[in-house]
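Undergrad: First the structure, then my questions, so here it is.
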Amino acid sequence: MKLRLAGKVAIVTGAGQGLGKAVALRLAREGAAVVGVDINMETAVATAREIHALGGRGSAHSMDVARLPEAEILVEYVTGVFRHIDVLVNAAGIVRTQAFLAMTEEDWDRIIDTNLKGTVFCMQAVGRQMIRQIPPEVLAEGPASSSRGEGVPPLRVAGILPADRGRDALDTEEQGRDALATKSYGKIVNFSSISGRRGRSVQMAYAASKAAIISVTQSAALAFAPYNINVNAVCPGVVPTPMWDQIDRDRSRLMGAQPGEALKAFIEKVPLQRAGTPEDVAGAVAFLCSADADYITGQTLNVDGGFEMN
């Protein structure tokens, strides 16, 4: 396997099980040092041990992603150990399947806090660190000229002010491309879901949180674009994991069906006629974390076998 992430340091939340664990292992296989974050320290440590068994570098950290101070502590920990942060994958999330009218304020708050606030707080804390890591000489002075950049300083190619770019580009086409070439200073990938693509009558809070992640991914992409920090998201489909086991049990109970029937019904709707694997999703995330995705930002990629086509 090509080591696309050699020398990079990645944080993966929700790394103790399921898709987060698969992503942590994939990024480690691609050469990244991975800090696996989970509210359950025991599972985070287990993931770190698997990374070590692969010959990679892994570390474990326990935190509640819904608390901004803990996100800031995470950044201090990672930079203290590894000196820098290059990749953030926000995979932590919870789901609750229940009738629309049965949802309580407590249910709503718990899901929004973990899925949405946790994603935003981790992006804020890690994003600030990614910006701090940009060499001072790379940042041009003054506010951004574009309102889409929200007033943050634009990047310039090392040693070349924006005013110089046009002159350099006139020398030769190749030199022009070199003058305009820029480096990505960080990759952020958020986990949405196919549930974020349309409403769910028995997963209203979960679907709302995942739809909001698509929006905040776009907002963050605009905010971080002047720093050449890429922000994207993935929408996993039907992938057997502990979360999908829970969804199947809860949906089967609500529908009066046997365990496994709800999952089977979802798989039958997948054009590729199979459930996904954690590795399917991890491969897509690894791509978005690599230099191969340097010109992609603000996008949400469905990894669902064609379940959603938008």
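Undergrad: Using helices alone, I'd like the mean residue ellipticity at 222 nm for the chain: each DSSP H run of four-plus residues gives -39500 (n - 2.57), total over residue count, nearest 500.
TA: Working: 11 runs with 135 residues, N = 310.
Rounded to the nearest 500, it is -13500 deg cm²/dmol.
Undergrad: Tell me which chymotrypsin sites (Phe, Trp or Tyr not before Pro) from the range 220-310 have a DSSP coil assignment and no more than 10 other beta carbons within 10 Å of their own.
TA: Numbers: sites: PHE224, TYR227, TRP244, PHE266, PHE287, TYR295, PHE307; in loops: TYR295, PHE307.
Loop-located and lightly packed - TYR295.
Undergrad: Using a 10 Å cut-off around each Cβ, can you sort LYS2, LYS269 from fewest to most neighbouring Cβ atoms? Could you put the intermediate results ahead of the total?
TA: Values: LYS2 9, LYS269 12.
Fewest-to-most ranking of LYS2, LYS269: LYS2, LYS269.
Undergrad: Something else: Sort ILE134, ILE213 so the one with the fewest other Cβ atoms within 10 Å of its own Cβ comes first.
TA: On the way: ILE134 17, ILE213 24.
By the 10 Å Cβ count, ascending: ILE134, ILE213.
Undergrad: With axes computed from alpha carbons, what is the tilt in degrees of helix 41-53 against the longest principal axis of the chain, rounded to the nearest 10 within 0 to 90?
TA: 60 degrees
Undergrad: Rounded, prolate or oblate for the chain? Axes are the square roots of the Cα gyration tensor eigenvalues, ordered a ≥ b ≥ c, and the cut-off for rounded is a/c under 1.5.
TA: Details: a/c = 1.88, a/b = 1.70, b/c = 1.10.
Note, shape of the chain comes out prolate.
Undergrad: List the relative contact order of the chain as a percent without decimals, with contacts defined as Cα pairs under 8 Å and 6+ residues apart. Present the calculation step by step, with values, prior to reporting the outcome.
TA: Values: 632 pairs, mean separation 54.1, N = 310.
After rounding, I find 17 percent.
Undergrad: At a Cα cut-off below 22 Å, give the lysines reachable from LYS117, other chains included and same-chain residues fewer than 8 away excluded.
TA: Answer for LYS117, where 22 Å is the Cα cut-off: LYS21, LYS187, LYS210, listed by chain and number.
Undergrad: Enumerate by residue number the trypsin sites (Lys or Arg not before Pro) in the range 14-105 meeting two conditions: DSSP loop (anything except H, G, I, E, B), and at most 13 other Cβ atoms within 10 Å of the site's Cβ. Let's see the in-between values first.
TA: Details: sites: LYS21, ARG26, ARG29, ARG49, ARG57, ARG67, ARG83, ARG96; in loops: ARG57, ARG67, ARG83, ARG96.
When the trypsin sites (Lys or Arg not before Pro) of the range 14-105 are filtered for loop state and at most 13 Cβ neighbours within 10 Å, ARG83 remain.
Undergrad: Same structure, new question: By how many degrees, between 0 and 90 and to the nearest 10, does the Cα long axis of helix 278-289 differ from the longest principal axis of the chain?
TA: Long axis of 278-289 versus the principal axis of the chain: about 20 degrees.
Undergrad: Can I ask one more? Let me know the shape class of the range 30-138, please: from the alpha-carbon gyration tensor, a ≥ b ≥ c as square roots of the eigenvalues, rounded when a/c is under 1.5, otherwise prolate if a/b is greater than b/c, or oblate. If you can, show how the numbers build up before the last one.
TA: Values: a/c = 2.70, a/b = 1.49, b/c = 1.82.
In terms of gyration-tensor shape, oblate.
Where a number appears in this text, it was derived from the coordinates with a stated rule and is not lab data. Just so it is clear, the structure is predicted and the values come from calculations on it, not from any experiment. Neighbour counts run over all protein chains shown; Cβ positions are idealised from the backbone, glycine included.
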